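Have a look at the structure below before the remarks.
The values are calculated or read from the model by the stated rules, or taken from the named source; none is laboratory data. No experiment lies behind these values; they were computed from the predicted model shown. Cβ: placed from backbone, ideal geometry, glycine included. Neighbour counts: every protein chain shown. Protein only, heavy atoms only, side chains kept; ligands, DNA and RNA dropped before computing areas. Shrake-Rupley method; radii C 1.70, N 1.55, O 1.52, S 1.80 Å.
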Amino acid sequence: MHVLQVCAEIFPLLKTGGLADVAGALPAALAAQGAEVRVLLPGFPAILAGFEGGTELARLAPPGAMAGVEARLLVGRLPACGVEAYVIDAPAFYTRDGGPYADAHQQPYPDNHLRFALLGWTAARLAGGLDAGWVPDVVHGHDWHAGLAPAYLRAEAEQCGKALPPSLFTVHNLAYQGAFDAAHFGELGLPAHYFAMHGVEFHGHLNFMKAGLYYADRISTVSPSYAREIQSHEQGCGLDGLLRSRAHELEGILNGVDAAVWNPAADPLLPAPYSADDQAGKARCKSALQRELGLKRAAGTPLFCVVSRLTEQKGLHLVLDALPGLIAQGAQFALLGSGDAGLEAAFRAAAEASPAAVAVRIGYDEAFAHRLIAASDVIMVPSHYEPCGLTQMYGLAYGALPLVRRVGGLADTVADARLETLDSSATGFVFEPFTSEALAGAIARALALHRRPADWKQVRQRGMRQHFGWDSAASRYLALYGILAPHSAPYPPNPLTAAPDLPWT
Ligand code: ADP
Ligand code: GLC
């Protein structure tokens, strides 16, 4: 089974969020179960810098307004990601100051529709046999950046009259849709009739997410709860009708934790290793972090943390509201994040007001994220919505009990600590209403449990022993690929990771 993953970022080379973690971990997990995976990426400088042995496979001649751009398709390897890759080398599109999607002032690049149309178009070319030595059986696109891949695939199949490989489109975040002015549609080289309600049009705009959802042969998203939620008016971002109409072709597959990156027993970024059985090193991590941040050095003081993009999605204004109460109850708080300028300023001000109890680091720092989660007793993820969420799972693995809102993947991964669950399933703290009072209530429950060290230890140990491996997600994706492309080479069945609960079995 040849699988072409199409995405815009990949850990550890280029990451703006959890999408990169998924793109970095999934290929190896699929390969472990017999699939041959290659990744197609835009040639951002960070990707090209990590690309080895890149040889030119083809000069690309994309249609429409992309035609003028100098673009080559390179094939080689991304050793840091352990995967073979195709990279689109188009400096005019991808070599820019700023991030992959927006400039240094967070302004989206005005030609994003072309930059990511080229990604989707190239995926369709590969599906059509551009690399005679490696033709995918399935094209698996991630998020709006890859949304046009299924549309170009369909267009190419219609045009050449032959069957092309099927596609799977995975939604990581329905709120980011890649919506552009309708005038840009004519620049893409897609058939004119694709700009329709049954196509890439959405409320008069060109919409890449809609294109993926409409043209892909199957759709998945990153947790079972989010798969249900996006079919509702409240969380469907306007696309719930389309998602409901495809409900039988939509599945929620929970992301995993890459144990090669997130494992406190073997994490080179930590001052001391530790595990569920021997947690002594965690205390050293905490003391080292308190020193690093200038927090009061107190082993028994519960330390709460946040590691997050600072956006509305993450519900962090609730944390700001709850912060005075948290400190008044004797706890400490540390945040690592960047994004919204107002949130950045508000958290900075909170740290300045209580430097012994609150520390805030604005920025993006992978190593510090590991140290902070390892040092913390609780990690807070009070999101308004959360397709899957990875930091709560990293918290579980690192013995930082997740305190989360009951939504999306958070609801699927954290079991609330209540009296009746303490001895059986509890792994963290879950609250429901999206209010600071509800968050404060969960904080109070966390602090009450923390005052009972034996119970705390039991819950922490249970959390650390949870297994959120990529193996089960990989076997579910493979089952989906198998449905989409039943005649491609079978992968070796793995009785240990076979998914027993697929809705159609
Ligand atoms: P999202 O993709 O919505 O941002 P996830 O929880 O799925 O949320 O993934 C976030 C990823 O980004 C995690 O790997 C987390 O550790 C990382 N991360 C978020 N903010 C930062 C930051 N400021 N510095 C380092 N890593 C961060
Ligand atoms: C998105 C979501 C997050 C998810 C990640 C990886 O960024 O916001 O919940 O974990 O994608 O799938």
Would you calculate a helix-derived [θ] at 222 nm for the chain, using -39,500 (n - 2.57) for each DSSP H run of n ≥ 4 and dividing by the full residue count, to the nearest 500? -10500 deg cm²/dmol
Rounded accessible area per residue of segment 329-459, 1.4 Å, Å²: 34 Å²
Determine, from the Cβ-Cβ distance of HIS193 and HIS233 and an R0 of 35 Å, the FRET efficiency 1/(1 + (r/R0)^6), rounded to the nearest 0.05. 0.75
Any number yet on Rg/Rh for segment 205-250, C-alpha, Kirkwood? 0.93
For segment 280-464, what is one quarter of the convex hull surface built on the Cα atoms, given in nm²? 9.0 nm²
Treat each spin label as a single point 7 Å out from the Cα along the C-beta direction, and report the ASP97 to ASN263 distance in nm. 4.2 nm
Once both label points are put 7 Å beyond Cα along the C-beta direction, the ALA298-ALA353 separation in nm becomes 1.8 nm
Site ALA276, offset 7 angstrom along Cα→Cβ, radius 19 Å on amide nitrogen, limited to segment 444-473, gives 454-473
Check the chain and count each lysine pair with an alpha-carbon distance under 28 angstrom, considering only pairs eight or more places apart or from different chains. 15
Assigning unit charges at the beta carbon (Lys, Arg +1; Asp, Glu -1) and nothing else, what dipole magnitude in debye, to the nearest 20, does the chain show about its Cα centre? 1160 debye
Share of antiparallel DSSP beta bridges in the chain, in percent to the nearest 5? 25 percent
What do you get for Rg/Rh of the chain when both radii come from the Cα atoms and Rh is the Kirkwood radius? 0.98
At most 13 other Cβ atoms within 10 Å plus a DSSP loop assignment makes a site exposed; report the longest stretch of the chain without any exposed trypsin sites (Lys or Arg not before Pro). 1-161
With a point put 7 Å past each Cα toward its Cβ, work out how far THR55 is from ARG406 in nm, to one decimal. 5.8 nm
Gyration tensor (alpha-carbon) shape descriptor, segment 248-331, a/c threshold 1.5: oblate
Pairs of alpha carbons in segment 405-463 whose separation is greater than 19 Å (percent): 26 percent
Cβ-derived FRET efficiency at R0 30 Å, PHE434 paired with ASP365, nearest 0.05: 0.60
Using the Cβ atoms and a cut-off under 10 Å, what net charge is assigned to the surroundings of HIS113, where Lys and Arg are +1 and Asp and Glu are -1? -2
To the nearest Å², the heavy-atom accessible area per residue of segment 204-266 with 1.4 Å probe amounts to 35 Å²
